[in-house]
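See below for the structure under consideration.
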Amino acid sequence: MLAIPIGVTLSDGTVKEGKKWETTPFDIAKELSKSLASNALISRVNGALWDMSRPLESDCQLKIFTFDSDEGRDTFWHSSAHILGQALEQTYGCKLCIGPCTTRGEAKEESLNDRVGHESDAVVQARAYTQ
């Protein structure tokens, strides 16, 4: 299949060349800086949030976000909430309820059915979260 070139316009107006359905925001971040690539959490392509590993589809405007931005923090906390939720389900068999993320952290509610949570559970949760 023939690679079709696309133009990727960055926030500062710089245009990087990419390949349709091959180049990802992560590829562009690596080209710009190793530090940016290792700290990038999410991108915005033509106004829509876009995974760093999702290939670009056409000429586009690209913005890359790290934890220093609201978009980056929201992505980090949202992903972390999913990991924590899975750890809680697997460890305690709980049912997850509401879990909105914010730019300052995430909140998660879970139901343990008839079980009562204890302070010592925090250690178990931390272990499950890091495995």
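What does the charge count around Ile4 come to, taking other residues whose C-beta lies under 13 Å from its C-beta (Lys +1, Arg +1, Asp -1, Glu -1)?
-2
Considering only the other residues whose Cβ falls under 13 Å of the Cβ of Ala37, what net charge follows from Lys and Arg at +1 and Asp and Glu at -1?
Its environment carries a net charge of 0.
Take every Cα-Cα distance within the stretch 1-100, group them into 10 Å bins from 0 onward, and report for each bin the whole-number percent of pairs it holds.
15, 40, 23, 15, 6, 0
Beta carbons within 10 angstrom, averaged per residue: use that to sort the peptides 86-95, 40-49, highest first.
40-49, 86-95
What is the gain in length, in nm to one decimal, between Asp51 and Glu89 on full extension, counting 0.36 nm per residue of separation less the C-alpha to C-alpha distance?
Taking 0.36 nm per residue and subtracting the Cα distance, the gain is 11.1 nm.
In a shell of Cβ-Cβ distance under 13 Å around Glu17, excluding Glu17 itself, what net charge do Lys and Arg (+1) and Asp and Glu (-1) give?
Value of the local net charge: -1.
None of the figures in this text is laboratory data; all of them are computed from the coordinates on show. Only a predicted model underlies this, so the values are computations on that prediction, with no experimental measurement involved. Methodologically, a virtual Cβ is constructed for each residue, glycine included, from the backbone with ideal geometry; neighbour enumeration extends over all protein chains shown.
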